[in-house]
Structure formats: structure tokens, C-alpha cells
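In what follows, a single structure is set out as C-alpha cells and then discussed.
The values are calculated or read from the model by the stated rules, or taken from the named source; none is laboratory data. All of these numbers come straight from a predicted model, not from anything done at the bench. Cβ sites come from the backbone with ideal geometry, for glycine too, and all protein chains shown count toward neighbours.
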Amino acid sequence: MQAEYIQSGLATRIEDGPQNNRLRWLLDPQRSGLALVMSAIGCHAQHLASFVSGLTAKRVAADVGALLPGRKLIDYVSALIEFSGGARGALTVTQAAAGGENDIRLRVYGEKGMLEWWHREPSYLKLALHGEPVRIIGRGDPGLPPDIIAMGRTPRGHPEGLREAFANIYAEVAQERIGRALGEELPDLAYPRIEEGAHSMAFTEACLTSHDKGGWVDVAPAPDA
């Protein structure tokens, strides 16, 4: 697996700007913590890789630091990952890529081929099976599982994206809470649980420890593991 999340919001020395800049507090390690880039965006790239593959990170070897000289917080992480089951992966995240935009990418390589998804074109998934022509699967295409089709709100060709993704999460949480209150059988819903958040935090801590020790570090298992 290859996951990356690139931004440019911290590509300048905000620390040296006006005191009333709304982002200044982010650059204070006493207020936002040391692992700035992982807390802000890196956790999303890590969770995306785990969610799509169904695998959790077991070990990590990471290079972390600040791309801007003198910055006290981490604005860059590059990590090698060993997932459950032996799968390997690479993660690159930064908020200090000058000229970059909000850019998330994920590639998953399996025994039969590759899946690729890009945040800029969220309605399309690239499927490249070995020895076959590349296919582009669109949101709402015939033959997709009903639970996937249900995530879409507008006909094909109409743009959907960030806000609809949050709405899908909120809708699933509400559906589960209502079903629980009514004593109904609960469906298998995909919204993130607290255990996944705990795993992302453990992954972040392992990246910092790996950098300090200069090698591979185990990721602490989730509380229910």
C-alpha cells in the first residue's frame, strides 16, 4: 500500500507572522502537541489505508521532522509500514509542500492487481488487474454493492465530495443509535469507531519513537485486540 497526504498550509513561517493569525496556536507544541502533521492530516491517510485494506499497522520505521528551518513541530513524516498479515506499505504526509494543494492518494496492490483512488476525483476508482485493460469504476455504476450505492446522493456526473462524506458518517451513527434505542437488529455499518482512533494515535506515537530510536518499532495493539 502507498498512502500520501500533501498540503501547503504550513509552507511559510507562520510562526513569524502576526500574533492574531488564527493558525499561530498550531505551531505551539504546548497547545497542539509535537506531532502536528500526523494529528492534523497524517491520521487520515493512515486510517484510509487501514480502512480500505482491512489491515492494521503492526510495525513502523519512520523519518519525522520539520521541513522549515527552526520549526519546533513536525510538519513532515515518511514511514515504512508492516501491516497485519505481512503486507508492506509506505506513508508520506506533509503540510509544508510549497505550491501543493489538499491532495490525498491511495494505491493498494494485491495478488491480482491494483486499486487507486485520488481525492481530487473522489467519484472514480481505478482498477488495474494484471494482464487486463485498466477499468475506471464510477460512483453509482451498475453492479456495485447496495451499501456502496447508498453512499451516493446524486445521479452520476453530479459532483459529490467532502461534505457528503461527513454526512454519510453522521447518518450511519444516527441509524445505529436509533436502531439500538428501538431494540432492532443493528446492521454492519462502516463508520469509524473509537478503536480506530486509538490505533491512529498508537501509530503516530510509534512513528515518533521510531525516529528517535532509528529503526523499526511495534505499533501498540488496539484496546480490544
Residue selected from the stretch 71-94 under the condition out of contact with any strand residue (DSSP E or B) (no Cβ under 8 Å at 6 or more places or on another chain) and assigned to a loop (DSSP other than H, G, I, E, B), by the criterion nearest to Arg163 (Cα to Cα):
Leu73
Report, ordered by the first and then the second residue, all pairs with beta carbons closer than 6 Å, sequence separation of six or more or different chains, a first member in the stretch 190-202 that is under 12 Å from Glu172 (Cα atoms), and a second member that is assigned to a helix (DSSP H, G or I).
Tyr191/Ile169; Tyr191/Glu172; Tyr191/Val173
Could you check, for the stretch 70-77, whether at least one of its residues is in contact with a Lys or Arg (Cβ under 7 Å, 6 or more places away or on another chain), farther than 25 Å from Ala202 by Cβ and at pLDDT below 95?
no
Filtered residues of the stretch 82-117 (kept if hydrophobic (A, V, I, L, M, F, W, C), crowded, with 17+ Cβ neighbours inside 10 Å and within 28 Å of Ala66 (Cβ to Cβ)):
Phe83, Leu91, Val93, Ala96, Ala97, Ile104, Leu106
Which ones in the stretch 98-138 are farther than 26 Å from His158 by Cβ and either in contact with a Ser or Thr (Cβ under 8 Å, 6 or more places away or on another chain) or part of a strand (DSSP E or B) (or both)?
Ala98, Gly99, Gly100, Arg107, Val108, Tyr109, Gly113, Met114, Ala128, Leu129
Quick check, is Glu160 on the phi < 0 side of the Ramachandran plot, in contact with a Ser or Thr (Cβ under 7 Å, 6 or more places away or on another chain) and surrounded by 15 or more Cβ atoms within 10 Å (Cβ to Cβ)?
yes
If you go through Ile137, Ile194, the only one that is under 20 Å from Ala49 (Cβ atoms), loosely packed, with under 11 Cβ neighbours inside 10 Å and under 22 Å from the mean Cα position of the chain (by Cα) is Ile194
